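The values are calculated or read from the model by the stated rules, or taken from the named source; none is laboratory data. Remember, it's a predicted structure, so these values are computed and weren't measured experimentally. So basically every Cβ, Gly included, is an ideal-geometry build from the backbone, and we count neighbours across all protein chains shown.
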Ligand SMILES: [Zn+2]
């Protein structure tokens, strides 16, 4: 089944003639941003229904999406990444730390005085940019994580702050020539099933490799919340990076779909924070249709192939594996 998909993608690419290699999330973002027309859409409509919390740094918009759960949204950069501050009675977890364009530590400090631990949904640069601002960072025990903890150079990520990737000026001190992803120290490695006790709130780590080897979801079983990271959000889901493993993603999506009966809300990592759990069943169907060769992909100008579904799409590279 998988080979059929790969042939479909490859044939589709070949039909388009000579094409560059697959863009990774860090390589040519501005071309995607330019075509997305995202500036006219931000903040997206869903935010009007959420409770806004004012913070001093206007690079971010903060929303209270559930009791003691804040979405920290970066609407002015095309990734529209969303980090989450999850509070317990004794501690707080920052699930992702954003782009590292605005100073996320100051925002977190405005929202809570509790000790904060950082954990990333995965270690792509749009989620670890603020890690270095914190003393305690948990990380999945993978080689990919160790490599990405060394940071990314300006040359690797400068496209993320090109004018075409932005809807407003950069904060003072950040320029296209000095922006980079700082290296960060890992305090402790964790694995699938790890539990984070925040006092009155327990979060469970669910390994969902695929998008990256270190991708995780986070489950609050009692509140019935699931944070999906980049494994699902309402937008184009990127599965074209060299570190993406489509077979692993398929397995992980099946695992997430099994959780749906126990969930009331998904919190996702890009574009809009809140999605219904039924989306994971739709995602599961979509991925199976893709692998079965039932879903037909559209070739993109940069060589990727996009499979479009209701409310989201899946983009694979010309040479997925
Ligand atoms: Zn992301």
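Does region 235-274 hold any residues that are within 20 Å of residue 64 (Cβ to Cβ) and within 16 Å of the ligand (Cβ to nearest atom), and which are they?
Matches in region 235-274: 266, 267, 268, 269, 270, 271, 272, 273.
If a residue has to be more than 16 Å from the ligand (Cβ to nearest atom) and closer than 17 Å to residue 86 by Cβ to count, how many in region 96-138 make the cut?
Final tally of qualifying residues: 16.
In this structure, does residue 172 turn out to be closer than 30 Å to residue 40 by Cβ and surrounded by fewer than 16 Cβ atoms within 10 Å (Cβ to Cβ)?
Considered against the rule, which asks whether it is closer than 30 Å to residue 40 by Cβ and surrounded by fewer than 16 Cβ atoms within 10 Å (Cβ to Cβ), residue 172 comes out as yes.
Among the residues of region 196-234, count how many are within 16 Å of the ligand (Cβ to nearest atom), in a strand (DSSP E or B) and touching a helix residue (DSSP H, G or I) at 6+ places or on another chain (Cβ under 9 Å).
Adding up the residues that qualify gives 3.
Would you mind telling me which numbered condition in (1) touching a helix residue (DSSP H, G or I) at 6+ places or on another chain (Cβ under 9 Å); (2) within 27 Å of residue 315 (Cβ to Cβ); (3) modelled with pLDDT of 95 or more; (4) surrounded by fewer than 17 Cβ atoms within 10 Å (Cβ to Cβ) residue 177 fails?
The failed condition is (2).
A quick yes/no check of all residues on (1) assigned to a helix (DSSP H, G or I); (2) touching a residue at least 12 places away in the same chain (Cβ under 8 Å); (3) under 21 Å from residue 46 (Cα atoms):
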residue	(1), (2), (3)
252	yes, yes, no
258	yes, no, no
266	no, yes, yes
280	yes, yes, yes
294	no, no, no
303	no, yes, no
315	no, yes, no
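Considering only region 290-319, how many residues are surrounded by 15 or more Cβ atoms within 10 Å (Cβ to Cβ), out of contact with any strand residue (DSSP E or B) (no Cβ under 7 Å at 6 or more places or on another chain) and within 15 Å of residue 249 (Cα to Cα)?
Residues flagged as surrounded by 15 or more Cβ atoms within 10 Å (Cβ to Cβ), out of contact with any strand residue (DSSP E or B) (no Cβ under 7 Å at 6 or more places or on another chain) and within 15 Å of residue 249 (Cα to Cα) within region 290-319 amount to 2.
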